[in-house]
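K.L.:
Structure in structure tokens, see below.
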């Protein structure tokens with residue numbers, strides 16, 4: 001665990017008024033929860049805050065943002081409104097590609113840039129960075145920041161941060177979970193978080209289409225490299241036949257890791273744009289972030305992602321070849 005000196009951020013907050021918070025495309029609960037908690041914290045200090053992302057809030061996470069605080073650039077917020085900020089805080093990513101159209105504004109805006117993130121893969125965003133690549137979630141960093149800067153946490157902030165941390169740790173079952181993680185979770189529960197309610201909202205609200213998609217996709221699982229690699233794929237025809245959407249593939253890649261002997265896995269999801277989203281997982285020493293970086297993506301050693309050009313079969317072929325090469329190198333070393 002890396003300790004962060006949060007005092008430079010205190011000075012930035014104290015000396016500026018207008019803040020814009022942003023995160024990566026297709027925001028997950030860690031991204032959105034961190035943004036919402038950070039926004040409330042800053043507003044409690046009398047600051048003006050907007051949340052503007054490159055993508056809209058996915059339907060399954062709208063319960064976290066019932067008032068529609070998180071806006072999509074070009075739809076709910078204009079680029080010039082983003083550029084008017086004194087400080088632009090990027091949470092849960094350090095990648096230009098992941099920032100999409102928001103990144104274009106950052107490159108031309110005179111605003112001071114700040115990054116709060118826990119991902120190993122990183123671009124130079126020209127920002128003052130507050131990073132801990134060993135942290136379990138960006139939500140945990142926001143919690144640690146609030147404590148370090150003596151900022152009180154409300155019940156709503158606690159809910160946002162609990163969702164951020166719980167989802168990025170696989171409901172506290174991933175190896176990134178530590179005693180400190182559970183102590184943070186305990187403090188958030190003491191502030192009013194109801195884990196059983198949040199679990200239901202996060203994981204037990206699926207449609208019939210989503211359930212059918214899971215069965216269809218998992219029935220096509222492929223095991224390779226003597227059982228060390230497992231992968232599944234979802235094409236546009238799968239969504240058409242089941243009535244599901246690409247977001248309904250969330251967490252399916254983790255099912256592959258339930259196969260005995262599997263060291264790494266991935267899911268390839270064909271987007272309606274024709275591009276193919278790859279989610280990588282590892283439960284060995286294999287660094288899937290390094291594999292993802294070969295395709296312009298990135299992430300953590302054991303969880304990463306990338307976006308490839310289609311068609312689906314070609315993208316899958318490229319990823320399989322890269323993972324086989326990585327597994328071979330690991331064996332030789």
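Please treat every number below as a calculation from the coordinates, not as lab data. Keep in mind that this is a model prediction, so the values were computed, not measured. Note that we place each Cβ from the backbone using ideal geometry, even for glycine, and neighbour counts take in every protein chain shown.
K.L.:
For region 162-256, what is the convex hull volume of the alpha-carbon atoms per residue, in Å³?
P.N.:
Dividing the Cα hull volume of region 162-256 by its residue count gives 103 Å³.
K.L.:
State the three equivalent ellipsoid semi-axes of region 74-184, derived from the C-alpha gyration tensor as the square roots of 5 times its eigenvalues, in descending order and whole Å.
P.N.:
They are 27, 16, 13 Å, listed from largest to smallest.
K.L.:
At what distance in nm do the modelled label points of residue 309 and residue 293 sit from each other, each positioned 7 Å from its Cα along Cα→Cβ?
P.N.:
In this crude spin-label approximation the distance works out to 2.3 nm.
K.L.:
What do you get for Rg/Rh over region 16-57 if you use C-alpha atoms and the Kirkwood form of Rh?
P.N.:
Reported Rg/Rh, Kirkwood definition of Rh: 0.99.
K.L.:
Using Cα pairs under 8 angstrom and six or more residues apart, how large is the relative contact order of region 228-290, in percent?
P.N.:
Over region 228-290, the number comes to 35 percent.
K.L.:
Ok, one more. Sum -39500 (n - 2.57) across every DSSP H segment of at least 4 residues in the chain, then divide by the residue count to get the 222 nm mean residue ellipticity, nearest 500.
P.N.:
That calculation yields -12500 deg cm²/dmol at 222 nm.
K.L.:
Highest mean first, how do 209-216, 198-205, 47-54 rank when packing is the count of other Cβ atoms within 10 Å averaged over residues?
P.N.:
47-54, 209-216, 198-205
K.L.:
Determine which residues of region 36-71 fall in the zone a paramagnetic label at residue 201 would reach in this model, i.e. backbone nitrogen under 11 Å from the point 7 Å along Cα→Cβ.
P.N.:
Label zone hits: 61-67.
K.L.:
Along Cα→Cβ, 7 Å out, is where each label goes; now give me the distance between the ones at residue 81 and residue 183 in nm to one decimal.
P.N.:
About 4.2 nm, to one decimal.
K.L.:
If you don't mind, there's one more thing I want to ask. Under 1.5 on a/c is rounded, so check that first for region 1-140, then, if it is not, pick prolate when a/b is larger than b/c and oblate when it is not; a ≥ b ≥ c are the square roots of the alpha carbon gyration tensor eigenvalues.
P.N.:
rounded
K.L.:
Quick one: compute the contact order of region 220-331, relative version, from alpha carbon pairs under 8 angstrom and 6+ residues apart, as a percent.
P.N.:
20 percent
K.L.:
Could you tell me the relative contact order of the chain? Use alpha-carbon pairs under 8 Å, at least six residues apart, and round to a whole percent.
P.N.:
In percent, rounded to a whole number, it is 12.
K.L.:
Hey, what angle do you get for helix 29-44 against the long axis of the chain, alpha-carbon based, 0 to 90 degrees rounded to 10?
P.N.:
On a 0 to 90 degree scale, this one is about 0.
K.L.:
How big is the antiparallel share of DSSP beta bridges in the chain, given as a percent to the nearest 5?
P.N.:
40 percent
K.L.:
Right, here's the next one. Rounded to a whole number, what is D in µm²/s for region 230-319 from Stokes-Einstein with the Kirkwood radius over alpha-carbon pairs (25 °C, 0.890 mPa s)?
P.N.:
188 µm²/s
K.L.:
While we're here: Among 245-254, 276-285, 149-158, 297-306, how do they line up from the highest to the lowest mean number of other beta-carbon atoms within 10 Å?
P.N.:
297-306, 276-285, 245-254, 149-158
K.L.:
Sort out for me the Cα centre separation of region 298-313 from region 40-107, rounded to whole Å.
P.N.:
After rounding, the separation between the Cα centres reads 24 Å.
K.L.:
What angle do you read, to the nearest 10 degrees and between 0 and 90, between the alpha-carbon axis of helix 179-190 and the longest principal axis of the chain?
P.N.:
Value to nearest ten degrees: 60.
K.L.:
Over what distance in Å are the Cα centres of region 157-184 and region 185-230 separated?
P.N.:
That distance is 15 Å.
K.L.:
Contour minus end-to-end for residue 172 and residue 150, with contour as 0.36 nm per residue of separation and end-to-end as the Cα-Cα distance?
P.N.:
Net length gain for the segment: 5.3 nm.
K.L.:
Taking Cα atoms, how many degrees apart are the long axis of helix 155-168 and the longest axis of the chain, rounded to 10 and kept between 0 and 90?
P.N.:
That helix lies at roughly 30 degrees to the long axis.
K.L.:
When semi-axes √(5λ) of the Cα gyration tensor in Å is calculated directly from the model, which label among (i) 33, 21, 21; (ii) 37, 28, 20; (iii) 35, 22, 17 fits?
P.N.:
Of the labelled values, this structure produces (i).
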